[in-house]
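Structure, as structure tokens:
The values are calculated or read from the model by the stated rules, or taken from the named source; none is laboratory data. All figures in this text were calculated on a predicted structure; none of them were measured in a lab. Here the Cβ is made from the backbone with ideal geometry for all residues, glycine too, and neighbour counts use every protein chain on show.
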Amino acid sequence: MIGITLKHLRYFEALAHHGHFGRAADTCAISQPALSLQIKELETILGTPLVERGARQIRLTSLGEIFAIRARDILRQVDELDDLARASYSPLVGRLRIGIIPTVAPYLLPKIIKALTGRYSVLDLRPREAVTQKLLADLKDGKLDTAIVALPVSEPSLHEEPLFEEEFVLVRPLEDADKPVPNPQSLREMRLLLLEEGHCFRDQALSFCKMSSAVPRDLMEGSALSTLVQMVGAGIGVTLIPEMAVAIETRSADVSIARLAQPRPTRTIGMVWRKTNPLADQLAHIAGIVQQVGSLKPVQPAPINIPAPNTSAPPSTT
């Protein structure tokens, strides 16, 4: 087995992850024939096939499935050796792969990048936006160093660092600005617009309304908060959005914003990373910077339940 190299392991792990030679080759920045040759060479060294090759897709053999798990563990440990060396430097240098959920990324990520690059001029930031489950899987596989998500995630292998809390606010059509703010029971009876499945914010909104994850007849879905707000502006329904999104998402929509009655729904935003990550101390310091950026709350909510003033001229008395 002396002939097995880290290159073999990285190429095979990419193939196992993507299940396709072309996509794996693109990820590894090599040609498909070159990748195929490396996988074949690995199988020759092992003396047994790792992959069943089909016309449209590949399937791992039984050994291939086990080998992929072991290869992933080895590659993660190799990456952590690099992290161990970087942990000895001050300030932090090199690559930092940071994940962030879609309901935070557009509003906070630019400020995070500005703060971190200002503090660490030689830091190579690699941000990635994805839903929580994808980020957690990549964290555990060693493909990310840290992620900004809604807590808790309740993964025993991950450290959770709370950063700040924010409220959810109600977005309604502009003509509803003077109406009483609905309670959770009333929201269940309205046409509620929510993010599609996979977004943790969807689950939090459903929990506040005491609704199951099954889609009710009058519930509609969107792929982004901006889509939901524009649908509200078109009079299709109402939605909930996090407070940090208000200023950006409502600036071009005919909607009104209202705070919900106490106890208001909130979420805790935090950073998570592997407990075994040698960069844990540096990541804790970065979490403090992110916390400061989030706590400054540069994105302020729009006026709450205040209709636009009537700017038309008073009627003539003559």
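Quick check on the stretch 170-190. Is at least one of its residues basic (Lys, Arg), crowded, with 18+ Cβ neighbours inside 10 Å and in contact with a Ser or Thr (Cβ under 9 Å, 6 or more places away or on another chain)? Yes, because at least one residue in the stretch 170-190 is basic (Lys, Arg), crowded, with 18+ Cβ neighbours inside 10 Å and in contact with a Ser or Thr (Cβ under 9 Å, 6 or more places away or on another chain). Exactly one residue among Ile148, Ile248, Ile241, Ile236 is in contact (Cβ under 8 Å) with a residue 24 or more places away in the chain, within 30 Å of Lys275 (Cβ to Cβ) and of a type in the set (Val, Ile, Thr), and that residue is Ile148. Scanning the stretch 157-189 for residues that are more than 19 Å from Ile248 (Cα to Cα) and aromatic (Phe, Trp, Tyr) returns a single hit, Phe164.
Can you say whether Glu189 is modelled with pLDDT of 90 or more, farther than 19 Å from His285 by Cα and not basic (Lys, Arg), as far as the supplied structure shows? Working first, answer last.
Working: modelled with pLDDT of 90 or more: no; farther than 19 Å from His285 by Cα: yes; not basic (Lys, Arg): yes.
No, not satisfied.
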